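What follows is a single structure, written as structure tokens, with notes after it.
The values are calculated or read from the model by the stated rules, or taken from the named source; none is laboratory data. Quick caveat, the model's predicted, so the values are computed rather than measured. All Cβ positions, even for glycine, are placed from backbone atoms using ideal geometry, and neighbour counts span all protein chains on display.
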């Protein structure tokens, strides 16, 4: 087993708390820190597993705090949650850039911008005074036209 410093251990614990798989975390540690760790070594930092019996209390506390914070932002279906989708898009973007797929990377960035919302919405409303005030709510109407119009 590789000796891990506290920064790497914290990264592992927080990633596991955010429901990343041990394989994903092991790959992220290798890419981010240049340290090769096995899936089993990563799994030993997950207090919900039997393999983590000797895990220090500070890591258990960090795990629980991170998980509760992450869950407070999640809904029952993770794919319906914006933060989960943005994390997945971030991983896809890194992979696309690493493989040199710049067009795919641009599409992923566009999707992330759409995911953040309101990127294509005009948030100014014309008022009688002529100055644009930020709109509280903007209604958007989509009109489908035929090619002959």
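Tabulated data
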quantity	calculated
Subset of segment 34-64 (residues that are under 17 Å from residue 6 (Cα atoms), part of a helix (DSSP H, G or I) and modelled with pLDDT under 90)	52
Selection count where residues are within 24 Å of residue 14 (Cα to Cα) and loosely packed, with under 12 Cβ neighbours inside 10 Å, scope segment 89-120	2
